[in-house]
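Only the coordinates and a few stated rules stand behind these numbers; no lab work does. Just so we're clear, the structure is a prediction, and the values are computed from it rather than from any experiment. Positions of Cβ are backbone-derived with ideal geometry, glycine not excepted, and every protein chain shown enters the neighbour counts.
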Amino acid sequence: MLVKDRMTAQPLVVATPDTPVTEAQRLMQDNNLRHLPVVVEQDGLVGLLTRETMLQAVPWSAASLSALETQYVLSKIKVSKVMIEDVITTTEDVPVEEAARVMVDRKVGCLPVLRDGALAGIITDIDLLATTMEMLGARRPGLRLAVMVPYRVGEIARLSSAIAEVGGNVTAFGTWEGESDPGTGVPEGFGMVFRVEEVSKERLIDAVGDLGDVKLLDVREMST
């Protein structure tokens, strides 16, 4: 799955460097946006507004003014004065997990998406959370199985085969690394979470137990 599959594509709600902060604020409120790209002609990205930068737009000297006076002060401030200029971006052909890694590492809530230097769309942390939720089958009914297995070749196949042998149908799957060996840095095990249908909880637990060195962490019924 690539960024282009999950981004919000053009046309987007945008501002220009000359847009008054009050107008940008209205655009964000009316469209329930947390991020507002700032563009010049032909969708050239020059900046980004966020709710945080909007809050920082009020000068300290205006902090004691009335709401009406504050709005007047903000109407005189242009977006170019408060926007983020060093914008971290991505492109449409980047895998979604790489976009997520960049957002986590750089601690940003969105990535404008560029195509040949022009703004093609935007992908946000909410888009990626929705993708994760879908990949883990959060909206599907069935059993949620979480286990810890040894870090060795074939463990995914071994466990999925055991589930299939008792009639279970794996509809979603994810992994995470367990604790690493202090000496080698190699994970001592890794966790796996499955969404499983068409099998009872009891049969699924028995199937996992028969594998011996698989640690059952959690199994529960999930509804939509």
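Worth a mention:
- Estimated at 0.36 nm per residue, the fully extended path between Gln29 and Ala9 surpasses their Cα-Cα distance by 5.2 nm.
- The Cα center of region 103-125 and the Cα center of region 194-224 differ in position by 38 Å.
- Using a Förster distance of 25 Å, the FRET efficiency for Val104-Lys81 (Cβ separation, nearest 0.05): 0.30
- Ser161/Asp116 FRET efficiency (R0 41 Å; Cβ-Cβ; nearest 0.05): 0.30
- Compared with the direct C-alpha span, the chain from Leu2 to Ala130 gains 44.7 nm at full extension, assuming 0.36 nm per residue.
- Cross-link partners of Lys78 among lysines, defined as those whose alpha carbon lies under 18 angstrom from its own and excluding same-chain residues fewer than eight positions apart, are absent.
- Highest-first packing order for the peptide set 155-165, 141-151 is 141-151, 155-165, based on the mean count of other beta carbon atoms within 10 Å.
- Stretch gain in nm, segment Arg140-Thr91, where the contour uses 0.36 nm per residue and the Cα spacing is subtracted: 14.6 nm
- Candidate aspartates and glutamates - alpha carbon under 20 Å from Lys201, same-chain residues fewer than 8 apart omitted: Glu165, Asp210, Asp213, Asp218, Glu221
- Label of the coordinate-derived value, P(r) over Cα pairs in 5 Å bins from 0, in percent, listed as (1) 1, 6, 12, 12, 12, 10, 9, 9, 8, 7, 6, 4, 3, 1, 0; (2) 1, 7, 15, 20, 22, 18, 11, 4, 1, 0; (3) 1, 6, 14, 18, 18, 15, 11, 8, 5, 3, 1, 0, 0: (1)
- Highest mean first, the peptides 116-123, 212-219 sorted by other C-beta atoms within 10 Å per residue fall in the order 116-123, 212-219.
- Spin-label pair Glu177/Arg203, simplified geometry with 7 Å Cα→Cβ offset, distance in nm: 3.7 nm
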